[in-house]
Each structure stands twice: as structure tokens, then as C-alpha cells.
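The values are calculated or read from the model by the stated rules, or taken from the named source; none is laboratory data. Given the structure is predicted, the values throughout are model-derived calculations rather than measurements. All Cβ positions, glycine included, derive from the backbone under ideal geometry; neighbour counts span all protein chains shown.
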Amino acid sequence: MIALVPLFPLAAAAILLSTGRRWRGASAGWLASFAVAASFAVALAELSSLLSKAAPARHVITTLYRWVAVGGFSVDISFRADPLSSVMTLVVSGVGLLIFVYAIGYMRGDPRFPRFFAHMSLFVFFMLVLVTAENFLLLYVGWEGVGLCSYLLIGFWFERPSAAAAAKKAFVVTRIGDTAFLLGILLIWAKVHSLDFEVVFHQAPALAGGTVTAIALLLLGGAVGKSAQLPLSTWLPDAMEGPTPVSALIHAATMVTAGVYLVVRAHAIYAATSAGTEAVALVGLITALYGGLSAIAQDDIKRALAYSTMSQIGFMFFGAGIGAPSLAIFLLVTHAIYKALLFMGAGSVIHGLHDEQDMMKMGGMRRAMPLTGVLWIAGAWAISGIPPFAGFFSKDEIISAASLSGHTVMWGFALVGAVLTAVYAWRATFMTFFGETRVEREPHESPAVMTGPMTLLAIGALLAGLLGLKATGGVLVRFLQPVVGLPPQAGQGLSESGLTVISTVLALVGFVVAWFVYGSGRFDWVALRVRLAGLKRAGMSAFYLDDVYATVIGGPAKLAAAFTAFAIDLRIIDGIVTWMARGVGMAAVYGRRVQSGLVRTYALVFLVGVVGVLWYVAVKI
Amino acid sequence: MIPAATLPHPPLVFGPLSPELVLVGAGLLVMLIDALRPGNTGRFLASLTFAGIVAAGIAAALLWNWHGPTLVLGGMIAADRYSVFFRLVILVVAAIAVVLSQHYLERSGEYRGEYYALLLFATAGMTLITASADLIMVFLALEILSLSLYLMTGFSFRRLASAEAAMKYFLLGAFSSAFFLFGLALAYGATGTTNLAGIATRLLFTLAPTQPRGVLLPSPALALVAAAFLGIGFAFKVSVVPFHMWTPDAYQGAPTPVTAFMSAGTKVAAFAAFLRVYTVAFGPLTNDWRPILVVLAALTMVVGSVLAIAQRDVKRMLAYSSVAHAGFILTAVAAGTAEGVRDAMFYLAVYAVTIVAAFGIVMLVSVRGERNLSLDDYRGLARRSPFLGGGLAVLLLSMAGIPPTSGFVAKVAVFSAAVRAGFWPLVLVAVLASVVAAFFYLRLIVVMYMREPEVAAAPAGETVLTRLAVGLPVAATVLLGVLPGVLFDVLAHPSVLPLGGFGFGL
Amino acid sequence: MESYFQSYGVLLGLLVAGVGLVAVAFVAARVIAPHRPSPSKLTTYECGMDPVGEGWSQTQIRYYIYAFLFVIFDVESVFLFPWATAFVRLGMQAVVEMVVFVVILAVGLLYAYRKKVLQWA
């Protein structure tokens, strides 16, 4: 039955790709939504069938046929139904369905409306393959497929050169990670002679330590690329060039979390190597802080959310790295809900303001768009980890788990991350929805087809936390236990209630800071910023004067934010990627000169080859 | 006088040669008709050629279950499934090439009847080489296909680029033939035979600790030199760096259907012989020739992929991509295992079908003759012609090795063979090269999908036949990506390996 | 191995001796002969016509085609002679094969004729 789940979006994609132009109006969108709804229904049925079994028996493998069989190398097309894939399919199809419906409103009138839904359906298909695959190669198929669709959708509005450039960048950067992933898969095959999860995870503990670590790090490389973690993070903010539903679905809720899924799915491998898990935790924590700092420095509402996503996924990696994979999945689920909500809210505002994304040109939006405002605030509550919304349960549990598992130093840094989360979430909220209005065109509230899904997600953001309610022992955590085991239990570090109080207080501190600067009205931060900008209006620097000012008032965090956003992101990492691409390009240009068109040159190169070969033979003899 | 029956000669069993006999017969017929009935016979001769290829295909398919002797005509020809597999691949390519050629020649006004005869002779050379079990036969077949292709490359001789391409291809081809012939002579000098299986047997005598007396002592050192020279001859034909220099010029200058035909056909045929000679004749020396192939494979993949980036001409870009693919295939050859041979066979079949269709689409975009070949001419192609744009996109994705296309499965299979042989550095280079390669394939897709077209009109002149000629390969590309088992099952037969290969206790 | 290469030793010796002989002759001539150049001595040919034009000149393509046709039938006859001495003992099959071979070449000749290759104008 699990094999049916990806089938519906594939059918929708095939229909829309072949007969796209015949679907008038919004019909293509409804067709695609219907297909995703069907997937969701099947996923629900799958869930109930799993629940009807005893916990240890909750895994069903469906093999369709033998895919590749050559020599000793054989791989099946086989799907896996277990608690983890069940949760993932529900998230992908459930959140996906709401975003599809929202997109019908958002994309209305676009000349390539059917093609948009064709690509979106194809994406959902590959994503579902990714999360239900039973072996690494099939997972890789989904992995590359979502990358391809992400690329097509980022560049959907290719009339904008920046969109095409961003699409290419996303593809190239993530492919660097994919290379590592593929090498990891090949290494697994070389050592285990199978790519099936069952076999590989069973044998993982028996492999040599170095091998397991190498595999773990290579897989992590793939995860880092796909999930926009440092150092392969630069493509995600640029990817915001895509239509907002794309950002919500692919670059917030599902695809970018595929890396987390991979690490959690392969936790048997990571469990066998402490170096691997430490690397996961470290990468996650650093990215969480980096993303959080960068998010504070953004004026573009979608870029702020992109850095926020990066940061949140960092938390998920962190959770997976400190031995709490089920909590990482919990955060993945809740994040998918509230981040999709925030993106939809952002999209609603952008839509209402006729494609304005600069938060400097917003403000006071809650008056013009009351429903969007309320729903956004629900999302902001959720992400900043203030009870009783979902983020409180999921993110803070990861932070607590860091303490419980004895990672005290990391726990300290993670708390800083929690503060940053609250700061950037509420900064965006106050800048957009509160204060004086700075809009240039009259905003309007979005239609019901957009606000409807948002409302559902807001309810989800409120209720999803229940999945992790300690009183029930954590429904989700217990459901996932047969696959990934339990997170660290109380024993080391502070008591759980103490940890909860600390992180809640810190989240509130973040909220207060953001409110104090951006929401209280005590600082005329806009005027101050404008005045400073007038003093020194040299391009980029005006942007960062905000942060110079903030340094004086808000402390060193803002300086660090400016530094990370500017120095690390733009100069160093982007520089490395650009430099590598340029290096290959230079090699190509110089190499082309040898191709002079003269036969004598060609014969000479030929002879050089002959001499080389003979030299080898001579040595050999 | 000695009685007639006393002079011993090998029994003449022509069955395993039937596809070649059909092809040459059809070629002669085409020549005759063209000579006796000059005029506008293009369509008729094209149909005749197509029929000849189909007949040869049937003859080849019937050989799959050949029950006669496995080596016929004095050990010159091998009747094994290995040759049948490659013959069928080559004949499919040739059939597509006929359809494309007919379209091209009619529209460019360069039709002359010889073209189809040359195409049939070239095809005969290609299929013959796959069945050759003797170095003499390999050389003959190699020359048959090369000479025909030199002429076909320069077929549009009024266009300077075409004449220049033919000249370069010919000069360098003659150069490489000399090396091949030298290798052949050395192989004979080293082992006293030109028969592939015979060379292997003689080599085994030397390598074995005890040598039977009275046998001409073969020299493994000399045999290795011979293998090197023969390998250089093949490396030239399949465009392995640094013997690839002719490839971009010849592919760019040749009429596009000829490029389509030779990019796929020559590579398949030459690799078929390459694999057979190296695994059968020089099988006992596998450990000696492996390292050099590893180095050449790495070099080829990197140079091909990197230089393709700098190209603005689509034919030239595909030419470099073809160089890079030679490297990927060589990776499987270098593994030097039965599994590697199977993977290379799969890769070759997939590659041949993909590249012939890709050049076919390039030809259709050109509309007439050699126009619209720069990247800019592909702006918005997906909008102007969803069929051509979409088809080319699928083919490019396959060449880039992105799932779920056949190219992905082929690459994974090749990598797995190299991994199993323990060539980790080579696999690393291969994976990195495929990342670089993905970039320029993708660039063309970007141009087709994400640039505004300069002209709104779709390339004119598609016919049902050309649609089929490029559409079926596209369908096969997807099908073999989803259901590669169709082909792998065929390749799983033990008898699909070259006759006598790997029988030496590797 | 070594004995194998040693069997080429004589050949190598002969080669060295041959080259040496020529070299010695040339060097001796250069050393012994008096050197008194004059304009007429430096011309390419001391007697006869002065060379005119470039060393590179184009030859009519037809010469090549005739040369090709000649080589083909030359090879055919070379092939026919040994066959003629043995075909009685090889039997009917050999006759048929040779007929096929000759017919193929004849087709080529017919083709050349029809394409007007044999006319010189």
C-alpha cells in the first residue's frame, strides 16, 4: 500500500505535463491538490494499519520489482512503511496539500499555472519516494529528483535573471553535497554488498570504525547540501526567488528537511560512530546560531524566513547528533507546520502588497490584513518556543536533551540559539505587522483559498505540540521508538522542569528584546536608521548601519549578525563556491587553446599520449 | 595431381556472418541502383537501406540462439551473444541514422546515392568488428568502418568545415591505424598468432611455471607493448584523451546525421572490439593493463567534462560530452572483471541510443543544413517546440546521470564495478567529473526552458518518421531508467560475455 | 626473454654497421674534398632547364582515381594467381567465392563507369 502513496502526484504530474495547456483557469491546481489529497488519504490508511499492529512489528516492506541487477549489484524498487516513513509521508502530503490549495490562490493568473502544478506534483512524487524508499539508491533517486524540481521551481519566474541564477546556484551547490552522498552510497555497497536499509543497518555496528565514520561523514555531506547547513548553505536565501508556495513547501517544510530525515533514517550508522554524531551535532549547532544571527540582519521578509529555516534545521541536526533523533523528527513535523504557516503569511503579505518583500516598506499590516496578522502571530509564537505552541515542545525538548545527554557546553550555545529565534521571529513580526505603516501601495487581505489553509496550519501549530506532551509520554516519540529508539532520559544535568523554565524564560527574553527595539515605540528605529543611512549612503553599508546602530543599543549580537551575514556568507563561502566554478571555467578556457584546429598539434598530443603509455609499459617491463 | 578433397581447409560456415552479408549485399544493391538509375532516388534508396538494416537485425537476432560452432571461418569470426548484443545496438543506431539522414539530405539538397551505400558499409564494418575473433579481422573491420566514415564526414564537401573535418579525421585516423597495425605485428611477433584466443593461450604458457618444450616462446613484455599499441588504436576510435583531439572538429564539421551515426556507432563498435581484445587476448595480462586504463579513464572524464563547459556550439559540446562518456565506459573496462564488461555493455547501449537521438534533435533544430547550432539558438526551445525541447531535456538529464533516467542506472552500474575492483580514486574522479558535466547539460536545459525565445516559431519540418526516430529513444531512455531490468536480464546470461574472455582464472 | 631480444642483436649490428658506413662516406667526402663553390655549381641541376614555379603543385584529381582503380585490379590479380593454382583442390566452394569476389569488384567498376570516372574530360 505504501507504494501507492507517491503514485497519485506522479499521475497528476504526467497528466499536467502532457496536456497542460488544456487545463483552463484553476482546474490544474485542483487536479494536483486532489492527487496530493489522495496520497494523504493513503498515508492515513497506512498509519492506521501500522497502528493496528504491535509496536515491534510495525514495518512493512513492499517490493515492486528488481530494478538494477548486474553482476553482484542488485537493487530493488522497494518501499518501506514504518513509523518514520509514515510520519514523513503524512507531513509531506498533509502540509503539501494545504500549500497546494494556497498556491491556487497565490498563482492565479500566472501564464504558466499548469506547469507550476506539474512541477509541484513531480516534486511531491520525488519527495514521497525519498521518504518511503527502502534502499539508499531509491532514496537517492528521490533525492536527486527533488533537487531537480527545486531547481525548476526556483527558476519558475525565469524572466527575472536573479531567479535563473539562484536556480543554478541551488542546483550546483546541492550537487556538491550529492557527490558526497553518492560516494557514501558506493562505500556502503563496497563494504556491505547491499543497499537495503534492513541489511545495511543490521550490519552497520559490525563494520570497521573508520569505515562507519567515513560513511557517516559522506552521508552528512549530502544532508548538509540538501538541508542548507554550513558550509553549503548559501543557496537557500537565494532560493527565495521562487514563488512563495515553493519556498513554503520545498525550502521550508519538506525538501530541506530531507537531510534530517537521512541522518535519522541512518541513525544505526551514526550510532556506531561517535565522530559522526559529533559532526552532525556540531554542524547543526553552528548553523543554528549562524542562521539565527543572519535572520536578524535581513530586511527581506522571505530571506529572513530562509535564514530562520536554516537555523531551525540546524536544531534538528543538533537533536539528531546528540542522540535524540525522534526529537529531531518531532521538530521537523512542527517546523513544517509553523514554517509553512509563516511562509504563507509572508506570501499573503507580499501578495497583498503587490510583490513587495522589503519589511522596511511594510509595517502596521495587521490593520489592513487582520486575519493574516493573527495567523502570522500564531506562527511566530510557535517558532519562538513560547508555550503552549508547538515550537515550545519540540525545540525546547531538543535543547533539554542536550543537557540531559551531558552536552553542557553545546546546551549553552543552543540556549543562545533559542534567544535568537525569538528575537528574529518577533523582529519580523513587529516590523511587518505593527507600528507605523510604511507601505507604498494600498494592501488588501488575501482570498479565502489562501487564508483557509493558513488557518488550518495555525490550528496545527497550536495542537502539534500535543504530540510531544510529556504527560502522555510523547506520542510521537513513542511511535518512533521502534525505528530510532528513545531520546536521552533524565539522569544527567538539570531536572527537566528546570530546563523547561530556563528555555521558556530565554525565549521570552528574546521576545522582550525584539519588542523593546521594534515594537515598543520607545525607539524611533526607522527614523534613526534613515538618519544614519543619510550620513553614509554607500550602497550596502546603509543596510548594515541598522546593525551598527543596533550594536550600540542591542548589544554585540547584532554586530555578530552583521558579520556573519556579510563576511562569512557573502565573502568566504560564496567566494569559495564561485572560485571553484571559476577555476573549472578557467581550465576550460585554457584547455580549449590546445584545440587549435591544427592537425599537427593534434598528432603531437596523440604522440604525447603514446609516449606516456609506452613509458608506463617500459616501467612495467 | 592431388585429389580435390585432400587439401584441408576450414569448414565454411557463413551463418554467423549473415548480418554483415545482408548489409554488404544491400550496400552493393544501393550502389548499383544509384549507378544505373541516377536521379531523385533518395526516398527509395533510404527505404531500401532501412529494409537492409532491418533484415540484418533479424539475421542478428536469429544468431542469439546459434547452435553451431562458436568459432567459424578459421577462427576469424566468433558466434557469441556478445556480438549479437552489440550488433543489435549498432543496427538500431543505423536505422535511426537512416531516417535522420533522409530528412537531412532532402532538405539540404546534398543528396547523392552513395551516401546510403557508405552508411551500409560503415554499419557492416561496425557489426563485423563486434564479431571479430582475430586481430586481422578486427583491423579489416576497423578500416571498413573508418574509410566509410571519413567519406561520410566530408559528404558536404562544399562546406569547408565538413571537408576540413574529413581531412583531419582521415589524417589522424591513418595515424592511429598505423599504431594499431604495429601493435598487431608485435602481437604476432610476441605470440606467433593473431587469433585472440590463441594469443591468450600462448601467453598463459609463458606465465605458467612450466613451459612445454617445442613451443615458440611468447614474450609477455612484447605482448604488453602490443596491447598498448592496439589499445592506442582503439582509444583513438572511442575518443579517449589524449587521443581525442579529432573528435570535436570531426563531430562539428560532419553533417549532423553523420555525427549522430558515428558518435554512437563508432563508439559502440570500437569499444566492443576493445573489450574483446583486452579481455580475451590480453586477459592473462589484466593486472598489467589495468593501471594504464585507470589513468586514461580519469584523464578522459576530467578533460571531456571540463572542456565541454567552454563550448558555445551545441554539436561541439556534445562532442566533448561524448569524450567524457568514453571515460566513464573506460572506468568499467578498467575494472577488468566480468561485471565491468556487463556494465560497459549496458552503458554503451544506453549511451548509443541517447546520443544518436540528441544529435537527431540538434539536426531537427537546425531545420536545414548546419544552422542554429549555438546555445543562443536554443533559447526557449521548450516553448517553441515542447516535443523537441522536452525530448532533448530528457536526453541531457540522462547524459548527466540524473535519476530516473537510463543514464543514471548506467553510471551507478559503472561506478559499482569500479568500486568492487577497489578503484576508489577513480570513482572519486568519476563522480566529480559527473558533477562538472551536469553543469553544462543543465545550462542547455536552462537555455531551453528559462530564456525567452528570439523567434516564436517552432523549428519546421518535423515528420512522423523523424518524430519516431527521436521519440522512441527518448521513451527508451526513460523506460530503461525505470525498468533497466529489461536489459540487465539480457546481460545476465553468462554467454553474453565475449567468447573465451575471463577464462583464465582471474 | 633475453634470448628473444638477442636474436635481434644481429639485426641491430647490421643496422649500426650500415648507418656507420654511409656516415663515414659522407664525412670523408666533406673532409677530403676541396670546397670551391661557383654559381653554376650551386644550381639544382647543372645542366638542363632551370626549375620554374613552386615546389608544391596540384595534380589533377583524376590521376588519383585512375591510381585507385589500378590498385584495386592489381590486388585482384595478385589474389587470383594463388587461387588459380589451388582452386581445383579446394572445390566448388572456392570457385563460388572467387566469383562473388570478382562480381563485387565488377560492381565497383560498373559504378565507376556509370559515374563517368573513366572518361577523361
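None of B:VAL394, B:VAL436, B:VAL446 is within 23 Å of A:ILE176 (Cα to Cα) and without any contact (Cβ under 8 Å) to a residue 60 or more places away in the chain except B:VAL446.
On the stretch given as the range A:177-199, residues that are of a type outside the set (S, T, N, Q), more than 7 Å from chain B (Cβ to nearest Cβ) and under 16 Å from A:TYR140 (Cα atoms) total 11. Only one entry of A:SER78, A:SER52 meets the criterion of being more than 10 Å from every other protein chain (Cβ to nearest Cβ), within 22 Å of A:PRO9 (Cα to Cα) and of a type in the set (Gly, Ala, Ser), and that entry is A:SER78.
Among the residues making up the range B:51-72, those that are crowded, with 18+ Cβ neighbours inside 10 Å and either of a type in the set (Gly, Ala, Ser) or at pLDDT 95 or above (or both) are B:GLY52, B:ILE53, B:ALA56, B:GLY57, B:ALA59, B:ALA60.
Selection of the range C:91-114 for residues being over 21 Å from C:PHE68 (Cβ atoms), more than 9 Å from chain B (Cβ to nearest Cβ) and surrounded by 12 or more Cβ atoms within 10 Å (Cβ to Cβ) yields C:VAL95, C:MET98.
Of all residues in the range C:4-30, those satisfying the criterion of being at pLDDT 90 or above and of a type in the set (Val, Ile, Thr) are C:VAL16, C:VAL19, C:VAL22, C:VAL24, C:VAL27. With the requirement that a residue be facing another protein chain (nearest Cβ under 7 Å) and not in a helix (DSSP H, G or I), what does the range A:595-605 give you? Scanning the range A:595-605 gives A:GLN595, A:GLY597.
Which numbered condition trips up A:VAL608, out of (1) more than 9 Å from chain B (Cβ to nearest Cβ); (2) at pLDDT 85 or above? Condition not satisfied by A:VAL608: (1). Within the option set B:ALA297, B:ALA326, B:ALA332, being within 14 Å of chain A (Cβ to nearest Cβ), in contact with an Asp or Glu (Cβ under 8 Å, 6 or more places away or on another chain) and at pLDDT 90 or above holds for one residue only, B:ALA332. If the condition is being at the interface with chain A (Cβ under 8 Å from one of its Cβ atoms) and within 18 Å of A:THR174 (Cα to Cα), then the range B:405-433 contributes B:PHE408, B:LEU428, B:VAL431, B:LEU432.
Set side by side, the residues C:VAL88, C:VAL117, C:VAL71 differ, and just one is closer than 30 Å to B:PRO11 by Cα and either in a helix (DSSP H, G or I) or within 14 Å of chain B (Cβ to nearest Cβ) (or both), which is C:VAL88. Of the numbered criteria (1) buried (at least 24 other Cβ atoms within 10 Å of the Cβ); (2) away from chain A (no Cβ under 11 Å); (3) not in a helix (DSSP H, G or I), the one B:ALA457 fails is (1). Listed here are the helices (runs of 4 or more DSSP H) enclosed by the range A:97-204 that have at least 2 residues being more than 23 Å from A:ALA266 (Cβ to Cβ) and in contact with a Gly (Cβ under 6 Å, 6 or more places away or on another chain): A:113-132, A:136-154, A:161-192. Would you pick out the residues in the range B:66-115 that are part of a helix (DSSP H, G or I), more than 21 Å from the chain's Cα centre (by Cα) and among the polar types (S, T, N, Q)? B:GLN102, B:SER108 - these are the residues of the range B:66-115 that are part of a helix (DSSP H, G or I), more than 21 Å from the chain's Cα centre (by Cα) and among the polar types (S, T, N, Q).
So, in the range B:460-506, of the ones that are touching a residue at least 24 places away in the same chain (Cβ under 8 Å) and at positive phi, which residue ends up farthest from the other protein chains (Cβ to nearest Cβ)? The selected residue is B:GLY461.
Set side by side, the residues B:GLU106, B:GLU110, B:GLU164, B:GLU143 differ, and just one is surrounded by fewer than 20 Cβ atoms within 10 Å (Cβ to Cβ) and under 14 Å from B:LYS237 (Cα atoms), which is B:GLU143.
Residue by residue, here is whether (1) part of a loop (DSSP other than H, G, I, E, B); (2) over 30 Å from A:ASP355 (Cβ atoms) holds:
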{"residue": "A:TYR270", "(1), (2)": "no, yes"}
{"residue": "A:GLU278", "(1), (2)": "no, yes"}
{"residue": "A:VAL283", "(1), (2)": "no, yes"}
{"residue": "A:SER294", "(1), (2)": "no, no"}
{"residue": "A:ARG303", "(1), (2)": "no, no"}
{"residue": "A:TYR307", "(1), (2)": "no, no"}
{"residue": "A:GLN312", "(1), (2)": "no, no"}
{"residue": "A:GLY323", "(1), (2)": "yes, yes"}
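When B:LEU184 is tested against (1) assigned to a helix (DSSP H, G or I); (2) touching a residue at least 60 places away in the same chain (Cβ under 8 Å); (3) more than 14 Å from every other protein chain (Cβ to nearest Cβ), just one condition goes unmet, and that condition is (2). Counting residues in the range A:43-60 that are within 27 Å of the chain's Cα centre (by Cα), surrounded by fewer than 20 Cβ atoms within 10 Å (Cβ to Cβ) and outside any helix (DSSP H, G or I) gives one or more.
Of A:ARG66, A:ARG115, A:ARG108, all but one fail to be more than 25 Å from the chain's Cα centre (by Cα), at the interface with chain B (Cβ under 10 Å from one of its Cβ atoms) and on the phi < 0 side of the Ramachandran plot; the exception is A:ARG66. Note on the range B:146-164: residues that are out of contact with any Phe, Trp or Tyr (no Cβ under 8 Å at 6 or more places or on another chain), in contact (Cβ under 8 Å) with a residue 40 or more places away in the chain and in a helix (DSSP H, G or I) amount to 3.
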